[in-house]
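Report on the following structure.
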C-alpha cells in the first residue's frame, strides 16, 4: 500500500520509534534543511526491556549500512513518485 502525505516514513510493522516526538523532529528538520529525504540510525532493543539495546545499525553513505540492513528512512512525495 502506498502512503501519502507531505513526508512518508517507512517503519516495519513490529518496530516503534524511540521517542514520541521523532516524526515531528524529522519533519521540522527536513523543512528547515530543504531536503527531500533523510535517514538515520536504527537500534534493535529487547522486546520486553525496550531500554536494553541489543544491536546498533549505524547509517552511513547510502541507504543500506555495512550490515545490509536498511536504516530508518523518510521521503518526500517527490522522491516517492520517482520510485
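Annotations for the structure displayed:
- The residue 44 and residue 78 beta-carbon pair, evaluated with R₀ = 30 Å, returns a calculated FRET efficiency of approximately 0.45.
- Using every pair of distinct Cα positions in the range 18-62, the Kirkwood expression returns a hydrodynamic radius of 12.4 angstrom.
- Full-extension gain in nm, residue 23 to residue 55, via 0.36 nm per residue minus C-alpha separation: 9.3 nm
- In this calculation the C-beta distance from residue 14 to residue 34 is compared with R0 = 25 Å, giving a FRET efficiency of 0.15.
Rule-based calculations on the coordinates, nothing more; no lab input. Owing to the predicted nature of the structure, the values given are computational and were not obtained by experimental measurement. Cβ sites come from the backbone with ideal geometry, for glycine too, and all protein chains shown count toward neighbours.
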